[in-house]
Amino acid sequence: MSQVGELEAGNRHDLRVGLSPDAPDEADLRDDHKGEHGYVHSYESSSRYDGPGVRAVLFVSGCLLRCTYCHNPDTWHLKDGTYVSAAHVIERLRAFAPALRALDGGLTISGGEPMVQRDFTRRIFAGAKQMGLHTAIQTSGFLGDRADDDYLSVIDLVLLDIKSFDPATYKAVTERELAPTLRFAERLAALGKPAWVRFTLVPGRTDDPANVEGIARFVAPMKNVAWVEVQPFHQMGAFKWKAMGLDYREEATASPTPDLVKRVHEQFRAAGCNVR
Ligand code: SF4
């Protein structure tokens, strides 16, 4: 059993490892339908990049993907996070709630993958809703089958990463299958659940025109998707891979050129997506 700790302010670029050595393996985690405690990397109190307005962002631990370009490999394992109570997280959030409401923002839970700890994140989303906050989840959608109607009822916006459309590319980039993400996207569209789609543009990995085209054509008819956000690859997470002794395969990968970003934007726009 992990020791209960305190939520620490910080940001996504902090390296946090080995804080809860007794944590279960994230792949074995079974929701206890209570979610009173969970594992957290850090939080930021004022981000403009993770949903509308100014947002508190909670980065939770645990992810089953292994993206070659991941900026936060220290969120993959529960054992690297701090074990905290959901009540403690909600109390911390309460201090920021008036400012977040005034700035048209809210709470975003990111990771890692929030649905690894579904009942813990559900409890925090519900607490945020009780404070009148807008709520958003950032997710790969790989565990979208875990998002039952009750879970979606406390989430106002889904920031859905579609990391590639070509199944082989998706597998090469994430080590997982594409199908669950597309299934989740289709379900959100059928429910009319507001979503923004995010696509990380990694030169030499995800930039193939047919791959981009596939996402664009898939998303364009979805009326629930307000935006496609193209996120250019950067090297800000490289130091974490090195510090953790991981094999970083994007060492030589450059950020996309302005011309490449422009081409990708134009592909999304031409298919009928709102892109930025
Ligand atoms: S889904 Fe996100 S946290 Fe998980 S490996 Fe990919 S980039 Fe990293």
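Checking the conditions here, which among V212, V202, V154 is over 16 Å from the mean Cα position of the chain (by Cα) and within 13 Å of the ligand (Cβ to nearest atom)? Step by step, each of V212, V202, V154 is checked, and only V202 is over 16 Å from the mean Cα position of the chain (by Cα) and within 13 Å of the ligand (Cβ to nearest atom).
Taking the conditions exactly as written (outside any loop (DSSP other than H, G, I, E, B), in contact with a strand residue (DSSP E or B) (Cβ under 9 Å, 6 or more places away or on another chain) and of a type in the set (D, E)), does D119 satisfy them or not? Criteria met by D119. Number of residues in the range 122-144 that are in a helix (DSSP H, G or I) and either more than 16 Å from the ligand (Cβ to nearest atom) or of a type in the set (V, I, T) (or both) equals 9. Number of residues in the range 22-57 that are charged (D, E, K, R), assigned to a strand (DSSP E or B) and within 13 Å of the ligand (Cβ to nearest atom): the value is 0.
Just so you know, in the range 93-138 the residues that are without any contact (Cβ under 8 Å) to a residue 40 or more places away in the chain and β-branched (V, I, T) include one that is surrounded by the fewest Cβ atoms within 10 Å (Cβ to Cβ), and it is T135. Within the range 64-83, no residue that is on the phi > 0 side of the Ramachandran plot sits with its Cβ atom under 7 Å from a residue that is away from the ligand (no atom under 12 Å from the Cβ) and part of a loop (DSSP other than H, G, I, E, B) at 6+ positions apart or across chains. When the range 157-191 is filtered for residues that are surrounded by fewer than 20 Cβ atoms within 10 Å (Cβ to Cβ) and part of a loop (DSSP other than H, G, I, E, B), the ones remaining, listed by number, are D166, E175, R176, E177.
Restricting the range 58-80 to residues that are farther than 23 Å from R30 by Cβ and either basic (K, R) or part of a loop (DSSP other than H, G, I, E, B) (or both), the residue that is farthest from the ligand (Cβ to nearest atom) is T68.
Only the coordinates and a few stated rules stand behind these numbers; no lab work does. Given the structure is predicted, the values throughout are model-derived calculations rather than measurements. Neighbour counts run over all protein chains shown; Cβ positions are idealised from the backbone, glycine included.
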